[in-house]
1. List pairs: first residue in region 60-80 and closer than 16 Å to K44 by Cα and touching a residue at least 24 places away in the same chain (Cβ under 8 Å), second residue surrounded by 12 or more Cβ atoms within 10 Å (Cβ to Cβ) and among the charged types (D, E, K, R) anywhere in the structure, Cβ distance under 7 angstrom, at least six positions apart or on different chains.
2. So if I check each of C28, C81, which one is more than 26 Å from R11 (Cβ to Cβ) and under 16 Å from the mean Cα position of the chain (by Cα)?
3. Take the residues in region 72-123 that are within 22 Å of E52 (Cβ to Cβ), at pLDDT 85 or above and not aromatic (F, W, Y); name whichever of them is surrounded by the most Cβ atoms within 10 Å (Cβ to Cβ).
4. Looking at P53 and the list (1) under 28 Å from R98 (Cα atoms); (2) assigned to a strand (DSSP E or B), which single condition is not satisfied?
5. Hey, could you check region 32-54 for residues that are among the charged types (D, E, K, R) and free of Cβ contacts under 8 Å to residues at least 40 places away in the same chain and say which is nearest to F16 (Cα to Cα)?
Amino acid sequence: MWFPCLDDHERCTFDFEITAPLDSIVVCSGDMIDQIKTADRTRKIVSYRLVEPTEARSIMLAVGPFEVHPDPTIPFVTHFCLPGRMRALVNATAYVARVRGPPQSRSCSLWSAACSLTFDDRR
């Protein structure tokens, strides 16, 4: 996999095309703009566009068998967890929402989304 690396703090917009197994969920910074099956119908190509100029080091992407939890209080945020972790995810995201309060903009939710994706209390 190739991923952009800029050593300075330059902010850019990005377009991503991620090829993944059909049964996986693709999560990436930006807005999903398209999802198509490959010609052999064994994989999918998911396209994302990030229009807000962002430093490359602040971009995230993950592909896996995630369970999906739309945030009940912030309509543009969706949380993800590995199978069997939904109860812990719902608990963690409810706590973050109480502590942080409502976001002031769409970009304020990025930390919460990344935290939700990586949350694992098995350690």
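1. none
2. When all the criteria are applied, what remains is C81.
3. Across region 72-123, the extreme among qualifying residues is H79.
4. Going through the list (1) under 28 Å from R98 (Cα atoms); (2) assigned to a strand (DSSP E or B), P53 breaks only (1).
5. Per the criteria, the residue is R49.
The values are calculated or read from the model by the stated rules, or taken from the named source; none is laboratory data. Keep in mind the model is a prediction, meaning the values are calculated, not measured. Cβ sites come from the backbone with ideal geometry, for glycine too, and all protein chains shown count toward neighbours.
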